[in-house]
Amino acid sequence: MSLAQLHYTSERPGPDGSGFRRTAVTPGVPESLLREAEQLIGYEPPPEAPDPTGTTGTTGTTGTTGTTGTTAAESAPLPTAFSHSVLADGSRLLARTVYTGAGHGGGPGNVRAHAHAVHVPVDAPLSAGATPISAWDSPQWALGAPEGGSPAPLAELPVARGFDRRDLVSFAADRAGCLAEFFAGLRVPDRQIILVERDSADVARWIALASTVLPRAAAHRLTFTTYTRRPRLARQRIVGVLPDDAQDLDRHDPRSLVLDRRGDGGAAPGPRPAHGTEPPAPDAWALTAARVWLGRAPELFAEAVELPGERFAAGPLAALALCTGISPGTHGRGEAALWACERAHTRALEAAGRLPRFLTGLCAPAEDRTPAETAALAGLFAALDGRVPAAVTAPLGALVLTEALRTPDAGIGLGVPRPASLPDDLRRRLAAELAGELRAGVAGSAGSAGSADGTDGADGDGPPVTRAVELLRLAEPLGVDCADLLPDLARRLSHALIADPERAWTPAVAAALEDHFDLRSALLSALDALAAADPPAAVRLLGLVPLSPRGVQTLPHLRMCARVHDSGIPVGGAAGDTDRVAAMNEVVRAAGVSTFADPLVLRTAVRLVWEGGTPSAGEARLLLAGTGSDAHRAAGTWSALMAAALDGPGDALREPPAGHRAAPSTPYAATASPAVSDTTSSDTTARYRADAPDLAHDLLRCFPQELSARQRGALLLLEFAGKLRERAADTGWTERALRLRAGAEPVEPAVLDTAFEALARGLLSEERPDGEVYALVHCGDPELLAAYDRAAREDRVRERLRTVPAHVADCFTMWSSLPGANPAWDRTRTALLATVLRPVVRALSAEDTEAVERCLRATASSRAEEFRAWKRPGALGRLGLRFGGRGRTEGGRP
């Protein structure tokens, strides 16, 4: 290896100005490299640089000239700028710049300095693989330029004894408060570390600490300078400054870490976390590295490199520290446990005979153990159980059990020791010690080993029930009997699962149900009862957790919910989505219990299929016919049938609840379009008006004792609508309809619309009883007249008027009768004559017009004359109708 030498010395001012002058260079060094080196080796003395005049100097300038020299003893009080830098071509420059005395002419800041540098080629190591900082006090460094101006290249740079172990250990102990932060800063790429020290030798000691903890390659590439007056302009990774030059540093700049021991000896505050964000997690490797140095065992860093693991992994280093008797703290112990979970890592410890010492170190008493560490210990025990002799792992198993009980948030998951993992005497001792706490925790007692954050359980009076399940699993390997606590635990767990399945279904709960048949049976029974109370919640639960009700238990309600989930039946789906009666029958069959044996099965089925709504009138008739009134009466579902009759077709137009639509591949997939069209609404209303009267008849017959007077009146009104539709009603239609409405007040809009529509259509028919129009006119009921107006405007009436002259004559007779009887009738009849009848009459042929007049003459000769006068255009026709028909009736049919 050939290391070129470079010498620079401050000279007196000349034609080119003042500054460092190249005084000796090994031949062959490129000019570009020399110019780059000149930017790195300048020396700016501190303000307290000695002044030949006897005064303290001020801030000096780089490169003053001079010719006088001093001894090393004279220059010792001022800092040494020892630097290691990477050049543009990847090669490195190792340089030492020292103060050599007062400059030519004296005066404040007028100093002399000498820089001696060696150029290290790319990838070339120093002597015997030494790190750059080991050359800090090499005897090769010169205080002046050699004679001749062309020094020969060095074969190697001899290193001195450097900082011995005792010196660095003492230095680390003195800087204990800053160690972890310093080591953590080394891990952040491109983050500059600024060290504020009064002695540049202490900066060199910091760098020596860094070179020890870093991997060998990283230590060789670490750039640094032990002294500069301008740290923000420095290109090196680690920069040393004097306290006076640290006044204006930004301590919160995330690009740099400032470690300042002034005052209390602690580090300067680091970057503040952004508002609303959590502080950064502790650096386990940095904390462990600090404890290793404080434990006086720096040799462990080299040993850790030989163990499997990633760069800067805390696990291997912490494991070695534990083997040596050094506690790496909770973060280090947790990382060591996680690292040792890997089989290859455990074998590395076993091969070196370190595993027993490692486990002993892990299990040593500690006051700072955290839930994360306990979880890591549980994972390690699970990994070692069965692979390592029980005598070796028994202390770890005992620690895991104890800490899992007393550390509620450990999240031990599945890492629970097997009974065979613990020697009998240890198991008996632990059972006697922990039985009371375990049983209290399983019982959910407030103040027991519950959640550290105080979160209430399902009943709001204790720790979460999932914690109780974890403790039940801990009780098993110790033989602590908790059988009497299982029913209440199952009850609390069932409520938690129904309320929030994703939160309550933890790995510990799943494992406990797999291991404890009695707990599983009690839980399923409790869930079956809750499914009867809230079937949709049970369907949601079964869709989120792998809990099957199939088995020897009779769980009718839970089985029905499972059937709904498995078959894709939409819970509360709209009427157009599926044959809901068939779906309900399928759900009832899945229960495995007759609705007569357990009427609540029928209630659950109805709630599953019609949750949040009601059956249509047609569906209600099928349900009543298929199941019988007794089952509906016992289940309380007869009220749903009543709602189907009285509430109208609203449910058929309702979208199913969010999240409950069936998948398109299921036999119950939705086929209706997302938007309900006007045609769909009209068709559904028509189906309701066709089915509701028959349903009302059935309900009056099946539930005479359950109906209130108002409900009975509404059903009678619907039943009467059916008789009107079938023309089976006795005379006195209008009077009876109004009387039934009065007994049903406040009557449902759907019921009233259905009854009045049937009555209005009957009144528009030629088969109506005599005197019904007279009753309509004189009742003056606005709702009935409005229904009559709507019915007269239906397409079916217009079509009949265009094709049946007798119907034209009948409507003319009705709508021209009794003018002035009351304002409501006048408004209705004149509107119908003008907007319904007149357009039809104008379009009639002469033959059809003559047929209309013949029909009118058959009732009364004056009717034909009034018709001819009315159909004449203009005001004369309107006046003829207005006065010609006054007081007339419809020829014997008032």
For the residues F183, F517, what sequence is obtained by ranking on other C-beta atoms within 10 Å, fewest first? F517, F183
Have a look at segment 164-271 and give its Rg and Dmax from the Cα atoms, expressed in angstrom. 12.7, 36
So how far apart, in nm, are the two label points at S32 and E147 if each is 7 Å from Cα heading toward Cβ? 3.7 nm
If R0 = 60 Å, then A533 and H778, at their Cβ-Cβ distance, give a FRET efficiency to the nearest 0.05 of 0.65
Potential extension, R255-D368 segment - 0.36 nm per residue separation minus Cα distance: 37.5 nm
With θ taken as phi - 60° and the coefficients 6.51, -1.76 and 1.60, list the Karplus ³J(HN,Hα) couplings across segment 596-606 in order, rounded to whole Hz; mark glycine and proline as x. 7, 6, 9, x, 5, 4, 5, 5, 4, 4, 5
How long are the semi-axes of the equivalent ellipsoid of segment 338-442, defined as square roots of 5 times the Cα gyration tensor eigenvalues? Whole Å, largest first. 23, 15, 12
So what is the relative contact order for segment 293-425, in percent, with contacts set as C-alpha pairs under 8 Å and at least six apart? 21 percent
How would you rank 841-848, 215-222, highest first, on the average number of other Cβ atoms within 10 Å across their residues? 215-222, 841-848
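Calculate how large, on average over all directions, the projected area of the Cα convex hull of segment 538-637 is; give the answer in nm² to one decimal.
Numbers: hull surface 24.5 nm².
That works out to 6.1 nm², a quarter of the Cα hull's surface.
As an exercise, find the ratio Rg/Rh for segment 364-407 from alpha-carbon atoms, using the Kirkwood inverse-distance average for Rh. Intermediate values should be presented prior to the final figure.
On the way: Rg = 10.3 Å, Rh = 10.7 Å.
Answer for segment 364-407: 0.97.
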Just rank D190, D260, D174, fewest to most, by other beta-carbon atoms within 10 angstrom. D190, D174, D260
Per-residue ³J(HN,Hα) for segment 221-236, Karplus 6.51 cos²θ - 1.76 cosθ + 1.60, θ = phi - 60°, Hz, x for Gly and Pro: 8, 5, 9, 6, 8, 7, 7, 7, 8, 10, x, 5, 9, 6, 8, 7
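Only counting other Cβ atoms within 10 Å, I'd like D770, D826 sorted with the fewest neighbours first.
Details: D770 12, D826 15.
The fewest-first ordering by Cβ neighbours comes to D770, D826.
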Under the Karplus relation with 6.51, -1.76 and 1.60 and θ = phi - 60°, whole-Hz ³J(HN,Hα) for segment 587-592, x at Gly and Pro, equal 5, 5, 4, 5, 5, x
Quick query: amide H of Y43 versus all other amide H atoms, modeled in the peptide plane; which residues come in under 5 Å with a sequence gap of 5 or more or a different chain? G63
Suppose each label sits 7 Å from its Cα in the direction of the beta carbon; what would the A510-E310 distance come out to in nanometres? 2.5 nm
Viscosity 1.567 mPa s, temperature 4 °C, Stokes-Einstein D of segment 670-825 from Kirkwood C-alpha radius, µm²/s: 77 µm²/s
Points 7 angstrom from Cα along the Cβ direction at A160 and A709: gap in nanometres? 11.6 nm
Give the calculated FRET efficiency between S639 and R802 to the nearest 0.05, with a Förster radius of 56 Å applied to their Cβ-Cβ distance. 0.75
What residues qualify as long-range amide H neighbours of A113, i.e. H under 5 Å apart, gap of 5 or more or another chain, H built at 1.01 Å from N? S10, T100
Take peptides 780-788, 247-255 and line them up by average Cβ neighbours within 10 Å, highest first, as a rough protection proxy. 780-788, 247-255
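Where a number appears in this text, it was derived from the coordinates with a stated rule and is not lab data. Remember, predicted model here, so these are calculated numbers, not experimental data. As a convention, Cβ positions derive from the backbone with ideal geometry for all residues, glycine included, and neighbour counts pool all protein chains shown.
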